[in-house]
Amino acid sequence: MNLLQYQAFLFDMDGVLADTDPTHKLAFKKYLAEYNIDCTDEYFDTFISGNHNTAIAKMVLGNQSTAQQIKKWSQAKEEYFRNLYAPIAKELNGVTPFLKWLKKHNKKLAVCTSAPKQNLDFLMDDLNLRQYFDVLLCEDDVTDFKPNPQIYLKACALLQVLPQNAVVFEDSEKGSAAGFSAGCGVVLINNSKLNTDNFLGRATNFDSLNLHES
């Protein structure tokens, strides 16, 4: 997998730059308990995992809930997450060396997350990663969420590269589908469950990527 042939590198955030998924899961368990919902592992995998907060809020609050109610619900859940994750915040293994390697080779970098801006700012600053990225995109910057490719197409436009010249790093099925739909190459990170036939490669973390120039 020769990554240096690509001009731009687009990163999902949760599960890719930081292994936040266990804490998000715990936050949902605690928060949904307030609504008398037992968020078991099966419930989480069926109704929560891979879905945007908007869809989850509608499921919990009902389809008649207002946009303001959905936003308030989502903000409260994410505050739960940030409070839980702050004491243990840590980048996925090898992230900073990998980003430094890319910048050394004058590559363009973007974060493309469906998370709210508060989470994006929290992780970029807490993990000291903001300095490496040319573009930071979150849920506020798009109208359609993954698996819609909009966020990756927008990142390519802002970085002034064609999608076929960009690599997406994703850990989820919907995120990977967004990358493929955008026309980018996709590397699967921190996920051992998905079939990798269409991926450029798979790695447990960024220490596992072979950084070579040949």
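FYI, it's all coordinate maths here, none of it is from the lab. Quantities reported herein were computed from a predicted structural model and do not represent experimental measurements. In this analysis, Cβ positions are derived from the backbone assuming ideal geometry, glycine residues included, and neighbour counts consider all displayed protein chains.
In table form, for the structure just shown:
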{"quantity": "Rel. contact order, % - alpha carbon contacts under 8 angstrom, at least six apart, the stretch 21-87", "calculated": "42 percent"}
{"quantity": "Rule-of-thumb Rg ratio for the chain [Cα; 2.2 N^0.38 Å; N residues]", "calculated": "1.01"}
{"quantity": "Relative contact order (%) - criterion: Cα under 8 Å, at least six apart; region: the stretch 112-214", "calculated": "19 percent"}
{"quantity": "Alpha-carbon Rg/Rh ratio, for the stretch 21-87, with Rh computed the Kirkwood way", "calculated": "0.94"}
{"quantity": "Size of charge dipole - the chain - debye, nearest 20, with Cβ of Lys, Arg +1 and Asp, Glu -1, no other charges", "calculated": "400 debye"}
{"quantity": "Order of His24, His105, His52 under a 10 Å beta carbon neighbour criterion, fewest first", "calculated": "His105, His52, His24"}
{"quantity": "Burial ordering of Val142, Val186, Val95, Val168, fewest other beta-carbon atoms within 10 Å first", "calculated": "Val142, Val95, Val186, Val168"}
{"quantity": "Three-way shape label, the stretch 58-167, alpha-carbon gyration tensor, a/c 1.5", "calculated": "oblate"}
{"quantity": "Neighbour-count ranking [beta-carbon atoms within 10 angstrom, fewest first] of Ile70, Ile37, Ile88", "calculated": "Ile88, Ile37, Ile70"}
{"quantity": "Cα long-axis angle, helix 21-33 against the chain (0 to 90 degrees, to the nearest 10)", "calculated": "10 degrees"}
{"quantity": "Angle between the chain longest axis and helix 67-85 axis [Cα atoms, degrees, rounded to 10]", "calculated": "70 degrees"}
{"quantity": "Low-density loop cleavage sites - GluC sites (Glu not before Pro) in the stretch 22-98, where at most 15 other Cβ are within 10 Å (DSSP)", "calculated": "Glu34"}
{"quantity": "Degrees, to the nearest 10: 150-159 long Cα axis against longest axis of the chain", "calculated": "40 degrees"}
